[in-house]
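Working notes, structure below.
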Amino acid sequence: MSELKATHEIHTRRFSRNLGVGLTLLAMVALIFGLTMVKITRGELNERFDHVARPAMELKVEEADQ
Amino acid sequence: MSDAALNATRPYEPTFGDYVALLKPRVMSLVVFTALVGLLVAPVSLHPVETFAAILFIALGAGASGALNMWYDADIDAVMKRTAARPVPSGRVEPGEALAIGVGLSGLSVVMLGLATNLAAAALLAFTIFFYAVIYTMWLKRWTPQNIVIGGAAGAFPPMVGWVAATGSVSLEACLMFALIFLWTPPHFWALCLFMKSDYDNAGVPMLTVTHGRKSTRRHILAYTLILAPAPIWLALTSVGGPVTLITAIGLNAWFVKRAVDIWRRDEEQAQHDSYAVEKKFFRFSLYYLFLHFVALIADAVIRGLL
């Protein structure tokens with residue numbers, strides 16, 4: 001059975017590629033977080049029925065029924 | 001993962017930069033610029049984070065279609081001097097990896113653009129990727145000498161996608177920005193073909209220079225330049241235009257038509273005598289031509305913002 005090494009040769013060989021992928025993923029997470037904050041702050045994603053009475057939205061439902 | 005798998009080495013270990021090169025960064029920079037202009041001159045403005053995300057995902061979509069192009073065209077890229085050093089034909093990246101990256105990033109960019117802006121922009125980006133990867137790369141490029149005329153549409157979509165990302169719909173202004181790039185592509189590319197003669201001949205790609213001859217290509221360059229000229233002038237007269245765009249359009253098009261006439265008047269003997277100096281100058285100028293038109297649109301948008 002081969003000995004388990006803490007740092008395999010492949011880690012050294014692929015370090016720059018793994019670093020690039022890691023930084024790209026981090027940037028992606030930051031961007032999606034930023035986008036989410038912008039959309040939530042503007043209230044776009046909150047326009048749904050929930051447990052709080054929303055008279056404005058109830059009116060829309062009544063209009064749709066007519 | 002077994003040790004055997006870990007130790008299995010490829011003749012060349014691709015770097016992160018090799019995968020980035022698959023996305024054609026130089027083409028992406030043009031896409032970023034034109035899409036940004038389309039987005040900034042639109043009457044509706046997005047939040048800066050949404051603008052950044054929209055441009056990033058449009059560029060990523062363009063990069064994905066570039067990777068699909070490199071996957072499919074590896075055989076002809078290998079025989080052309082200009083493209084032989086690309087990651088797939090040079091063996092730095094496996095064809096399957098290029099395909100996976102192309103398909104994966106296509107899906108990611110379309111979905112994320114839809115979430116960041118609107119569904120119309122996402123659909124238009126998906127169509128752009130399909131147009132470049134399938135209609136142009138897989139179908140037109142090896143079939144007809146008009147490949148670059150119709151395929152040029154793929155490069156013309158980014159400002160329209162940028163506009164739709166901001167407004168949610170297509171308008172005359174977006175169509176004219178599309179027309180500017182669409183009609184600019186043939187004379188720009190055919191000028192390149194005139195002085196990169198051996199490349200397309202060797203690859204067997206039916207470029208106009210190969211199928212119809214170089215004299216006919218010179219006539220086509222002039223014809224398309226004359227058809228192109230009214231588009232930016234019309235654009236200057238719309239809501240996104242203004243005095244800067246109008247003056248720029250008149251000046252650049254007068255110069256562009258003059259150069260196209262010069263190319264049309266020359267024959268191969270004259271061109272070879274000065275190593276295609278006029279054709280090379282026309283090609284270089286065509287890059288500035290497109291860049292300056294879009295800079296002018298931004299300048300007029302800034303002026304409108306100040307007034």
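The values are calculated or read from the model by the stated rules, or taken from the named source; none is laboratory data. All values derive from a computational prediction rather than experimental measurement. Cβ: placed from backbone, ideal geometry, glycine included. Neighbour counts: every protein chain shown. Quick note on the areas: whole protein, heavy atoms, side chains included, nothing else; ligands and nucleic acids left out. Shrake-Rupley method; radii C 1.70, N 1.55, O 1.52, S 1.80 Å.
When trypsin sites (Lys or Arg not before Pro) are flagged only if DSSP places them in a loop and at most 13 other Cβ atoms lie within 10 Å, the longest unflagged stretch of chain B comes out as B:83-307. Atom-type composition of the exposed protein surface of the stretch B:173-307 places 68 percent of the accessible area on carbon and sulfur (1.4 angstrom probe). Convex hull volume of the Cα atoms of chain B, normalised per residue: 134 Å³. Report the full-extension gain for the segment B:LEU307 to B:LEU226: residue separation times 0.36 nm, less the Cα-Cα distance, to one decimal in nm. Length gained between B:LEU307 and B:LEU226: 25.7 nm.
Highest mobility in the GNM of chain B, judged by mean-square fluctuation with C-alpha springs under 10 Å and restricted to B:ALA121, B:ALA223, B:ALA62, is found for B:ALA223.
With a probe of 1.4 Å, find how much accessible area the stretch B:12-169 has per residue, and write the answer as a whole number in Å². Before the final figure, lay out the partial values.
Numbers: 6010 Å² over 158 residues.
Result: 38 Å² of accessible area for each residue.
Full extension of the chain between B:ILE247 and B:GLU268 yields a length gain of 4.1 nm, computed as 0.36 nm times the residue separation minus the alpha carbon distance. Derived value for the protein assembly as shown: Kirkwood hydrodynamic radius 23.2 Å. Basis is the mean of 1/r over every pair of different alpha-carbon atoms.
Measuring against 20 Å, Cα to Cα, the residue pairs B:LYS24/B:LYS281; B:LYS24/B:LYS81; B:LYS81/B:LYS215; B:LYS141/B:LYS280 contain B:LYS24/B:LYS281; B:LYS81/B:LYS215; B:LYS141/B:LYS280 as the ones spanning a longer distance.
Counting only Cα atoms, the size of the stretch B:251-301 along its three principal axes is 46, 16, 9 Å, in decreasing order.
Taking R0 as 30 Å, what FRET efficiency do you get between B:ALA78 and B:ARG26 from their Cβ-Cβ distance, rounded to the nearest 0.05? Before the final figure, lay out each step's value.
Values: r = 20 Å, r/R0 = 0.66.
My answer for the efficiency is 0.95.
Rounded to the nearest 0.05, what FRET efficiency do B:THR144 and A:ARG42 give with R0 = 56 Å and r taken as the Cβ-Cβ distance? Could you check?
Values: r = 48 Å, r/R0 = 0.85.
Once the sixth-power term is evaluated, E becomes 0.70.
Under a 10 Å cutoff between Cα atoms, tell me which one of B:TYR72, B:TYR136, B:TYR12 has the largest fluctuation in the Gaussian network model of chain B. The residue that fluctuates most here is B:TYR12.
Provide the gained length on full extension for the span B:VAL261 to B:TYR12, in nm with one decimal, where the gain is 0.36 nm per separating residue minus the Cα-Cα distance.
Numbers: separation 249, 0.36 × 249 = 89.64 nm, distance 4.88 nm.
Length gained, B:VAL261 through B:TYR12: 84.8 nm.
Counting only DSSP H runs of at least 4 residues, each contributing -39500 (n - 2.57), and dividing by the residue count of the protein assembly as shown, the helix-based mean residue ellipticity at 222 nm comes to -23500 deg cm²/dmol. Temperature 20 °C, viscosity 1.002 mPa s: under these conditions the Stokes-Einstein estimate for the stretch B:171-307, based on its Kirkwood radius over C-alpha pairs, is 136 µm² per second. Volume per residue of the convex hull around the Cα atoms, evaluated for the stretch B:1-153, comes out as 135 Å³.
Counting heavy atoms of the protein chains alone, B:HIS212 has an accessible area of about 110 Å² for a 1.4 Å probe. Ligands, DNA and RNA left out, the accessible area of the stretch B:62-141 computed with a 1.4 Å probe is 73% carbon and sulfur.
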